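Taking it in order: structure first as structure tokens, then the write-up.
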Amino acid sequence: MASVEIRNLRKSYATTHVIKDVSIDVDDGQFVVLVGPSGCGKSTLLRMIAGLETISGGEVQIDGAVMNAVPPKERDIAMVFQNYALYPHMTVAENMGFSLKLKKVSKAEIRAKVERAADILSLSHLLDRRPKQLSGGQRQRVAMGRAIVRDPKVFLFDEPLSNLDAKLRVQMRTEIKALHQRLGSTMVYVTHDQIEALTMADKIVLMNDGRVEQMGPPLELYDRPANLFVASFIGSPSMNFFDGTIENGAFRTTSGVVLPLAQIPSGAEGRPLVYGIRPEHLQLGGAGGVAVEVAVIEPAGSETQLYGKLGTDDLVGVFRERLSARPGESVTVTPSSEQVHLFDKATGNRL
Amino acid sequence: MESRKEVIAGHLVLIFGALIALHPFVSIILQALTPAPGSTATGWTLENFIGAWTRGGFSQSLVNSAIVAFAVVFVTAVAAVLAGYVLSVLKFRWRVAVFALLMIGLVLPSEARIIPLYNFFSSTGLLNTYWALILPQIASSLPLATFWMANYFAQLPNSLAEAASLDGAGEFEILRYIYAPLGLSAVLTLSCLIFLYTWNEFMLALVLMPDNVAVQTAPLSLSFFAGNERTTEPEVIAAAAVLVALPVVLAYFFLQRRFMSGLLEGAVK
Ligand SMILES: Nc1ncnc2c1ncn2[C@@H]1O[C@H](COP(=O)(O)OP(=O)(O)OP(=O)(O)O)[C@@H](O)[C@H]1O
Ligand SMILES: [Mg+2]
């Protein structure tokens, strides 16, 4: 177990800057999720922690020791790759025991450790198979087993679930989380799936274009997104945004609809703003509600999604109630004013 | 989906091609089995083989061929695995220069090196020794062998080496435990090719070991046998030719499955 500190890290390929001044602290035993859109530099950052990519600037420290020049094999880090990278010519047991074999651990001890890890991951009946003879989910488990057996300082995961089907993904998500609680190890987990990030992380690091947009506990990113990018990335369906300005103590969108506000931040009046409200923070009916023209209604059993127009803007709503309105009809919805987010239109930052 | 007609037409073409390819082969075997003029045997006979074996000294030359071929195959295979790994996986700094140099070795016609090789070996006193055949053939097999292995290793996903390095393997251990075992079938296919090529080599043997019967290889002694002595008995010469070709054919049949799967591997994946 260990802590990881990343200080002003940079990575450039010739003239392209892939990681631009990133600093992150990962505490001992913490589960940190790096999340962001494709190509934002998550894998690159993870591989720099592992020592698989050279560092163009800044520092990576593990337990306070600078790792920049330490080769991967001396960092005591285990990584689960997106394609699992199992050794195709070795059995499951040999795959899992490979690192111990290199360390010249005795055969009996390797066997014992491999069996213990296989037991945790319910792989015991597969130990003599080759990776080719396994399903995707089983391979994924073997890749995790290979990491667990080593008892490393830090676990790194690079989108380990992206090759699995939706159901298995949800199941493995829970298993990885349970594994973290059981081992108490430091883990850094990369994904582009914000649901995975929200459900698994102790701390989310949301990246975009080589920079950290916001970093903190999942609900903090959900409740108080620092800017428009974070607000639109976290949450599903995405937050609704309406351009407009504050006039006479209320928000007026560019198409003239007036939306409620609980309080008005100082200095907000008179400049272009963006009003953000999550689909789940709209209520049906209510006094002071606004009229929404229905485009599509999608019942999903436990909830109903509404796609429609508010003035000229698109709006998405998610409701517990069932809706019987038809396309073209109008329904009244009320944004709960406590849950409104206001952003500066020019900078994108939260007010 | 091919129609029945197309399948039949395709097979006819293939059968025709196979007949053309097999004809010399079959006819020389038939001739070798026919009694030579002046023989008392009737029907099929093996006495031509016995005659060729005793008079041609093939027991020695087949052993010589085996020594040369195995030495060349072994050294080339080991060197090609090491070089392929350094060039394609470790991304050795001067790899482009090395590949360019190897390319010269591939395109240079082998006839062009014979005179310089003769001069070299006669000045070093290695003419008429095994070295005169082994060293140049290692050198001439190495470019193709290195390309072959480098290409094979380059196809394997990088993440295998990366996973191994995180597991604590150094560069040599990555080769030893990951790349070498995975490259085994490629090495075997390669070894087969080099073995065939080396076994059949004639020109170098003719020029570089003309005067020492003790080290001459089988194709060379076959040629001497056919040219100098028994031109009147084509059946015995045919038997000698079959004897010389036999090890290669046997090796091919034993390794055929591996050989084919090795050749097809890149294409099918
Ligand atoms: N060798 C390279 N040369 C130049 N640019 C590169 C190189 N490798 C990666 N990049 C760039 O670096 C950026 C970050 O890549 P990275 O693989 O870290 O993205 P990612 O966040 O993991 O994306 P994904 O979710 O698709 O896996 C990308 O824009 C990519 O084009
Ligand atoms: Mg990635």
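Taken together, the values in this text are just the output of simple stated rules run on the coordinates, not laboratory data. Note that the coordinates shown come from a computational prediction; the quantities given were computed from them, not determined experimentally. In this analysis, Cβ positions are derived from the backbone assuming ideal geometry, glycine residues included, and neighbour counts consider all displayed protein chains.
I'd like the orientation of helix B:234-268 relative to chain B: the angle between its Cα long axis and the longest Cα principal axis, in ° from 0 to 90, rounded to 10.
20 degrees
So which GluC sites (Glu not before Pro) in region B:127-225 are both in a DSSP loop and have at most 15 other Cβ atoms within 10 Å of their Cβ?
In loop regions of region B:127-225 (DSSP not H, G, I, E or B), there are no sparsely surrounded GluC sites (Glu not before Pro).
Seen from all sides and averaged, what is the projected area of the convex hull of the Cα atoms in chain A, in nm²?
Across all orientations, chain A yields a mean hull projection of 21.3 nm².
For region A:1-63, report the translational diffusion coefficient in µm²/s to the nearest whole number, using Stokes-Einstein at 20 °C, 1.002 mPa s, and a Kirkwood Rh over Cα pairs.
177 µm²/s
Counting only other residues whose beta carbon sits under 11 Å from that of A:Arg130, what net charge do I get with K and R as +1, D and E as -1?
Around A:Arg130, the surrounding residues sum to +1.
State the extension gain, in nm to one decimal, for the chain segment bounded by B:Asn151 and B:Leu106, taking 0.36 nm per residue of separation less the distance between their alpha-carbons.
Separation in residues times 0.36 nm, less the Cα-Cα distance, equals 14.7 nm.
If contacts are Cα pairs under 8 angstrom and at least 6 residues apart, what is the relative contact order of region B:34-268 in percent?
Answer for region B:34-268 is 35 percent.
Which of the trypsin sites (Lys or Arg not before Pro) across region B:45-97 are loop residues per DSSP, with 11 or fewer other Cβ within 10 Å?
Those satisfying the criteria are B:Lys91, B:Arg93.
Just the Cα atoms of region A:49-184: what Rg and Dmax do they give in Å?
Reported Rg and Dmax, both Å: 15.4, 47.
Calculated from DSSP H runs of 4 or more alone, at -39500 (n - 2.57) each and per residue, what is the 222 nm mean residue ellipticity of chain A, nearest 500?
My calculation for chain A gives -7500 deg cm²/dmol from helical runs alone.
Take the Cα radius of gyration of chain B and divide it by 2.2 N^0.38 Å, with N its residue count; two decimals is plenty.
Ratio of Cα Rg to 2.2 N^0.38 Å: 1.24.
Pick from B:Met209, B:Met149, B:Met103: which residue has the top mean-square fluctuation in a GNM of chain B where Cα pairs under 10 Å get a spring?
Among B:Met209, B:Met149, B:Met103, the largest GNM mean-square fluctuation belongs to B:Met103.
Which value results for Rg/Rh of region A:169-304 when Rg is the Cα radius of gyration and Rh the Kirkwood radius based on the inverse mean 1/r?
Expressed as Rg/Rh, it is 1.05.
Based on the Cα atoms of region B:19-111, what semi-axes does the equivalent ellipsoid have, where each is the square root of 5 times one gyration tensor eigenvalue, given in whole Å with the largest first?
Value: 47, 17, 12 Å, ordered largest first.
Can you give me the Cα centroid spacing of region B:144-171 and region A:292-348 in angstrom?
One Cα centre to the other: 54 Å.
Could you work out the helix-only [θ] at 222 nm for chain B, with each DSSP H run of four or more residues adding -39,500 (n - 2.57) and the total divided by the number of residues, to the nearest 500 deg cm²/dmol?
-24500 deg cm²/dmol
For chain A, what is the relative contact order in percent, using Cα pairs closer than 8 Å and at least 6 residues apart in sequence?
Here the relative contact order equals 16 percent.
Which trypsin sites (Lys or Arg not before Pro) does region A:303-344 hold that lie in a coil by DSSP with at most 12 other beta carbons within 10 Å?
Those satisfying the criteria are A:Arg320, A:Arg322.
Give me the distance between the Cα centres of region B:2-64 and region A:196-247, rounded to whole Å.
79 Å
Do any of A:Lys153/A:Lys203; A:Lys101/A:Lys132; A:Lys73/B:Lys91; A:Lys132/A:Lys167; A:Lys42/B:Lys91; A:Lys101/A:Lys153 go past 20 Å between their Cα atoms, and which?
Beyond 20 Å between Cα atoms: A:Lys101/A:Lys132; A:Lys132/A:Lys167; A:Lys42/B:Lys91.
Is there a quick way to get the dipole size of chain A? I mean about its Cα centre, with the Cβ of Lys and Arg at +1 and of Asp and Glu at -1; what is the value in debye to the nearest 20?
Dipole magnitude for chain A comes out near 1580 debye.
Calculate the dipole size of region B:34-268 relative to its Cα centre from +1 charges on Lys and Arg beta carbons and -1 charges on Asp and Glu beta carbons; express the result in debye to the nearest 20.
Computed about the Cα centre, the dipole is about 320 debye.
Can you pull the Rg over Rh of the protein assembly as shown, Cα-only, Kirkwood?
The Rg/Rh ratio comes out at 1.18.
In vacuo Debye scattering of region B:76-210, one point per C-alpha: log10 I(q)/I(0) at q = 0.13, 0.21 Å⁻¹?
Per q value, in the given order, log10 I(q)/I(0) is -0.63, -1.18.
Just to verify a number: FRET efficiency for A:Gln181 and B:Val78, C-beta to C-beta distance, R0 = 41 Å, to 0.05?
0.25
For region A:178-280, what does the relative contact order come out to in percent, with C-alpha contacts under 8 Å and a separation of six or more?
Computed value for region A:178-280: 18 percent relative contact order.
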